[in-house]
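One structure below.
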Amino acid sequence: MSNPVKVFFSYSHKDEVLRDELATHLSLMKRQGVIEAWHDREITAGAEWANAIDDNLNAADIILLLVSANFLASDYCYDIEMQRAMERHEAREARVIPIILKPTDWSDAPFAKLQALPKNAKPITTWQDQDEAFLNVVQGIRRVVEDMAKSKTSSTASGSTTPATFNPLATSGGDRQRRRLEEEHNSVQQQYDRESEKLSRLRLAYSIETDTAIKFKLEKQIQESETELKRLARQLEEIEQKLV
């Protein structure tokens, strides 16, 4: 990868120890030049901290939300950083990844529809081996970075080799096709939203369930729901490409 992917940490200072641990586990990716990580402790003396945070947040390719009760209780994290992160995610300017640090009720948060890490959104502090949890998180982040690299490569290749072609949506008959695609997009989007809500409920149920057998069933349902969400996301992307 020619340019490292810029990663922004959004977190509560009360969770600084866990943020440092995650940064440590990301060290290899930084050494390889795959990512460039930033958090507010890197603000130099005399710099305007709010501007520094805004600049790096707006420049980030990946925004990590380190979720805990502390994060949700922080006005700056929730009302400013998280809201701006979601705006950039919805605009497809950046990828937002919730990292669940500690058990807390985040099922109704704006980012609840997003795929969270670690696996099954199991809070890092509840893992018997936290190194294993951080490894799972880092592997998930690496997959996102690789996907972004492939996307940039394919878009660059298509932009340089694709000749001008006939666009059926540019004709009068294309208006009907566009309306059909828009209706199809709205329908799939509604399915995606419903599945996201279902997944959030499953994750919440998994986080509070104590019965092993029930947790096993919930884990399977979560995996099935995640697979369905990915399928719907691909379908949405295909329709959006036709609408461009």
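The values are calculated or read from the model by the stated rules, or taken from the named source; none is laboratory data. Everything numeric in this text was worked out from a predicted model, so none of it was measured. Cβ: placed from backbone, ideal geometry, glycine included. Neighbour counts: every protein chain shown. For the accessible areas, the whole protein counts, side chains as well, though only heavy atoms, and no ligand, DNA or RNA atoms are used. Shrake-Rupley method; radii C 1.70, N 1.55, O 1.52, S 1.80 Å.
Checking each residue in the range 176-215 for being of a type in the set (Gly, Ala, Ser) and closer than 17 Å to Gln241 by Cα picks out only Ser187.
Given the conditions (1) part of a helix (DSSP H, G or I); (2) closer than 30 Å to Glu240 by Cβ; (3) touching a strand residue (DSSP E or B) at 6+ places or on another chain (Cβ under 7 Å), report the number of the one that Ile97 does not fulfil. Of everything listed in (1) part of a helix (DSSP H, G or I); (2) closer than 30 Å to Glu240 by Cβ; (3) touching a strand residue (DSSP E or B) at 6+ places or on another chain (Cβ under 7 Å), Ile97 misses just condition (1).
Looking only at residues in the range 31-53 that are open to solvent by less than 80 Å² (accessible area, probe 1.4 Å) and part of a helix (DSSP H, G or I), the one that is modelled with the highest pLDDT is Ile53.
Quick check on the range 166-184. Is at least one of its residues modelled with pLDDT under 80, of a type in the set (Ser, Thr, Tyr) and farther than 27 Å from Lys122 by Cβ? Within the range 166-184, one or more residues are modelled with pLDDT under 80, of a type in the set (Ser, Thr, Tyr) and farther than 27 Å from Lys122 by Cβ.
Here the condition is being at pLDDT below 75 and surrounded by 14 or more Cβ atoms within 10 Å (Cβ to Cβ); of Lys122, Lys113, Lys152, it holds for Lys152 alone. When Arg88 is tested against (1) under 29 Å from Ala149 (Cβ atoms); (2) touching a residue at least 60 places away in the same chain (Cβ under 8 Å); (3) open to solvent by 10 Å² or more (accessible area, probe 1.4 Å), just one condition goes unmet, and that condition is (2).
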